[in-house]
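The block underneath contains the structure these notes are about, expressed in structure tokens.
The values are calculated or read from the model by the stated rules, or taken from the named source; none is laboratory data. What you are looking at is a predicted structure, and each value in this text was computed from that prediction instead of being measured. Counting neighbours? That spans all protein chains shown, and the Cβs are built from the backbone with ideal geometry, glycine included.
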Amino acid sequence: MAISFSLLLSLELKYDITVTKGGDVTLQCAAEGVPRPAVTWLKDGRPITGQHGAKVLNEGQLLQIKDAKVSDTGRYTCIAVNVAGQADSKHDVIPPVISSETQKYVAPVDSSVTLQCQADGSPPPSVTWHKDGQQLRESVRQRVLSSGSLQMAFIQPSDAGRYTCTAANVAGTVKQEVAVVENSQAQLVCIADGVPQPTLSWEKDGSPLSEGAGEFTILPSGELVIDITQVKKKKKEIDRLRRYRSSCYITTVL
């Protein structure tokens, strides 16, 4: 009667998707065979003996890392051995990396914008957002997407500032800062054609516009550019801006 031997091995990483430094991670080594294989664990090629909070449980089927630290970063290998041979499986614990490149977002009032934070790592990192050093709380207008990006709707002047995306897992933490700037200019267009070419002039509330104080700029093409931030410095102008009325006059010299 022939006796057969077998060996089958797989390695699975089990964790809560929000695991960060100080959390717990469990590696499962599903080793099967006849006879039952013996399982050992290595970290970066060296046997794990229970130091630094790593414990081998259930006859080698589980490796549990308690109170994970940055020093737990590395390659974990489980090795299963019986008379049929030897098999091993590996898993890397990698600190997060943020690959998003956009550093500045210019957002008009009442528009929507998505601040990118593409974070990768193993285990997948958790992502949190801060504005001007204060942690953001999700609301109807602001929410963190599953990708880690921050979606903001109906942008208001108070939303301008420095935003920090923080990605963290058991292997480490990385941050990226971006700026949100309110679009501070409005441009009024006056299209005029004629022979000879007409000249353009602008009036506001019946009075000719000047380009003083940096509030208004008349481009060579005739467009009127309004610097909203300059206008808002004058409190009395805020309400007037909301009901802003302007006139474009066209003059042709014959």
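Can you pull out the residues in region 61-96 that are touching a strand residue (DSSP E or B) at 6+ places or on another chain (Cβ under 8 Å), more than 12 Å from W41 (Cα to Cα) and not aliphatic (A, V, I, L, M)?
Result: K66, D72, T73, G74, N82, G85, Q86, D92, P95, P96.
Any idea which of (1) exposed (fewer than 11 other Cβ atoms within 10 Å of the Cβ); (2) over 30 Å from D120 (Cβ atoms); (3) modelled with pLDDT of 75 or more is the one S139 doesn't satisfy?
Looking at each condition in turn, S139 falls short on (2).
Need the failing condition index for I94 against (1) surrounded by 20 or more Cβ atoms within 10 Å (Cβ to Cβ); (2) more than 30 Å from V181 (Cβ to Cβ), just the number.
Exception for I94: condition (1).
Residues checked against (1) part of a strand (DSSP E or B); (2) in contact (Cβ under 8 Å) with a residue 24 or more places away in the chain; (3) polar (S, T, N, Q); (4) out of contact with any helix residue (DSSP H, G or I) (no Cβ under 8 Å at 6 or more places or on another chain):
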| residue | (1), (2), (3), (4) |
| --- | --- |
| S71 | no, no, yes, no |
| T77 | yes, yes, yes, yes |
| A87 | yes, yes, no, yes |
| V93 | yes, yes, no, no |
| E101 | no, no, no, yes |
| Y105 | yes, yes, no, yes |
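Mind listing whichever residues of region 152-168 are farther than 15 Å from P108 by Cα and not small (G, A, S)?
Within region 152-168, R162, Y163, T164, C165, T166 qualify.
Spot the failing condition for W202; the list is (1) surrounded by 14 or more Cβ atoms within 10 Å (Cβ to Cβ); (2) aromatic (F, W, Y); (3) out of contact with any Phe, Trp or Tyr (no Cβ under 9 Å at 6 or more places or on another chain), and only one is missed.
So the condition that W202 fails would be (3).
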